[in-house]
Amino acid sequence: MVTTLPWYLHHRVEPGFEGRLFRYEDTPWGRITRINPFAVSDKSKLVQRAGAFAAFSAVAAVFAARGDRADGVLAVSPPLTLGMSGWVAARRRGCPLVFNVQDIYPDVVVELGAMRPGPLLTATSRLELFCYDHADAVTVLSDDLKENVAAKTGDSEKVRVIPNFVDIEAIRPLPRENSYRQEFGLQGKFVVMYAGNVGFSQALTPMLEAAAALTDEPDVAFVINGGGVARPALERAARGLPNVRFVDMQPAERLPEVLAAADVHLVPLKRGLAHASVPSKTYSILAAGRPLLASVDPNSEVARLVQREGCGVAVPPEDAESLTKTVRGLIESPEAVGNMGEAGRRFVEDWVSPSAVAQAYEELFAELEARRGGGSR
């Protein structure tokens, strides 16, 4: 495995890992190589971030290409530049390349208005197509993402839907009343929570508008758990709202408790993004036995999921009125909320358990190797 030094939480290399370009960690199953991510904390600086991604990906390619023949290479995007790293490693080590796309770039940044037509967008689009063309298979998280990628490649068979797994043993239904609720003054309340990155992709202002409309409900609380570039503006907008809590990102080992503390979890995406991105938190929420309140584009993957599986409710994105009405309905229907949570748990046990996802990738690599007949691309 080739990855970064720990850095994502504060967008800088964590204490204890500074001062070195790379570090090794040997495990019973193999070696982890951790490389400096050349982090740029300001997400609005696209050129600098692109340079950081390119630098990390170049170093990663060097390390990944070392060694004898491998069974396969799995490269994960974003950043998109890791598709090039995976291609270099797969060619050098004579094996199939699977390019895993978590979010489709540059579509996401274009939808956010962060990238406009010009040389950078042209170069990024060409890199995207190069990565798709030179992979033996492309894996995505949803049918929406498959349609997007297949339309660009003209090869639907090359694109496969394999979800991210969630640890269904570590994350499981737990009691709502726990130490997290006690610590943040949430005992006995109906908690609507957003837990995750507070960034440009998330449409959280309607959550505050819903909170303002529901101040007449003393036993309802809205919690934004996490950090990111959009949080300061949200905190300013929430001044004077007694039913809103902001909580800093919690340690990873506390995730099951955080998820359990909510009655309903909000998954909000800005208009147009749900067809290019599937929030990874979706399956963790369902594993915890909690319903999704999905504020996403109609007929997108997450909207279809909650409707098909009965594990939540979908409302239009950036629609505070619909969000407010839905929260009121959920408050008044505790039995329905419980049934939605149980339905979500059943779904993840069958579809996104670690063993199910691992088997899907193992079968894909075996298929690609058989198709290659031992040759190199």
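Can you list the equivalent-ellipsoid semi-axes of segment 274-377, largest first and in whole Å, using the square root of 5 times each Cα gyration tensor eigenvalue?
Semi-axis lengths for segment 274-377 are 35, 17, 8 Å.
Taking springs between alpha-carbon atoms closer than 10 angstrom, which of Gly310, Gly118, Gly196 fluctuates most in the Gaussian network model of the chain?
Fluctuation is largest for Gly118.
For the residue pair Ala356 and Glu369, what label-to-label distance in nm results when each label sits 7 Å from Cα along the Cα-to-beta-carbon direction?
2.5
Give, as a single signed number, the net charge of other residues whose beta carbon lies under 10 Å from the beta carbon of Pro175, with Lys and Arg counted +1 and Asp and Glu -1.
0
Using a Gaussian network model of the chain whose springs link C-alpha atoms within less than 10 Å, name the residue from Gly86, Gly272, Gly240 with the highest mean-square fluctuation.
Of Gly86, Gly272, Gly240, the Gaussian network model singles out Gly240 as fluctuating most.
For segment 16-77, would you read off the P(r) tail past 15 Å as a percentage of all alpha carbon pairs?
62
Which whole-number value in Å³ per residue fits the convex hull of the alpha carbons of the chain?
Dividing the Cα hull volume of the chain by its residue count gives 145 Å³.
Rounded to a whole number, what % of the accessible area of the chain do carbon and sulfur atoms account for, probe 1.4 Å?
So the carbon and sulfur contribution to the accessible surface is 53 percent.
Which percent of Cα pairs goes in each bin when the distances of segment 1-131 are cut into 10 angstrom slices starting at zero?
The calculated distribution, bin by bin, is 12, 40, 34, 13, 1.
Pulled fully out, how much extra length does the chain show between Asp26 and Leu241, if you take 0.36 nm times their separation in residues and subtract their Cα-Cα distance?
Full extension from Asp26 to Leu241 adds 72.4 nm.
Please give the FRET efficiency for Asp143 paired with Ser280, using the beta carbon to beta carbon distance and R0 = 22 Å, rounded to the nearest 0.05. Could the numbers behind the result be given before it?
Numbers: r = 17 Å, r/R0 = 0.77.
FRET efficiency, Asp143 to Ser280: 0.85.
Mind ranking 357-369, 125-137 by how tightly packed they are, going by the mean number of other C-beta atoms within 10 angstrom, highest first?
125-137, 357-369
Using label points projected 7 Å from each Cα along Cα→Cβ, tell me how many nm separate Asp248 and Arg91, to one decimal.
4.6
Which translational diffusion coefficient, to the nearest whole µm²/s, is obtained for segment 96-253 from the Stokes-Einstein equation, given a Kirkwood hydrodynamic radius over C-alpha pairs, 25 °C and 0.890 mPa s? Each step should come with its number before you reach the end.
On the way: Rh = 19.0 Å.
The estimated diffusion coefficient comes to 129 µm²/s.
Report the residues of segment 215-252 in range of a label on Phe184: point 7 Å along Cα→C-beta, backbone N strictly under 12 Å from it.
221-227, 244-251
Between Val247, Val166, Val223, find the one with the highest GNM mean-square fluctuation for the chain; connect C-alpha pairs within less than 10 Å.
Judging by the Gaussian network model, the answer is Val247.
Give, as ranges by residue number, the residues of segment 335-364 whose backbone N falls under 13 Å from the point 7 Å along Cα→Cβ of Asp219.
335
Are there trypsin sites (Lys or Arg not before Pro) in segment 189-293 that DSSP marks as loop and that have at most 13 other Cβ atoms within 10 Å, and which are they?
Those that pass, being in a loop and sparsely packed, are Arg239.
Round to the nearest 10 and give me the degree value, 0 to 90, for the angle of helix 119-134's Cα axis relative to the longest principal axis of the chain.
Here the helix axis deviates by roughly 70 degrees.
Take the eigenvalues of the Cα gyration tensor for segment 83-159, scale each by 5, and report the square roots as semi-axes in whole Å, largest first. If you can, show how the numbers build up before the last one.
On the way: eigenvalues 98, 49, 19 Å².
Its equivalent ellipsoid spans semi-axes of 22, 16, 10 Å.
Please state, as a whole number in µm²/s, the translational diffusion coefficient that the Stokes-Einstein equation yields for segment 160-290 at 20 °C and 1.002 mPa s, with Rh defined as the Kirkwood radius across alpha carbon pairs. Walk me through the numbers on the way to the answer.
Numbers: Rh = 15.4 Å.
Value of D from the Cα-based Kirkwood radius: 140 µm²/s.
The values are calculated or read from the model by the stated rules, or taken from the named source; none is laboratory data. These numbers were taken from a predicted model, which means no experiment stands behind them. Quick reminder, even Gly has a Cβ in these numbers, built from the backbone with ideal geometry, and neighbours come from all protein chains shown. The accessibility values were calculated without ligands, DNA or RNA, using every heavy atom of the protein model including side chains. Shrake-Rupley method; radii C 1.70, N 1.55, O 1.52, S 1.80 Å.
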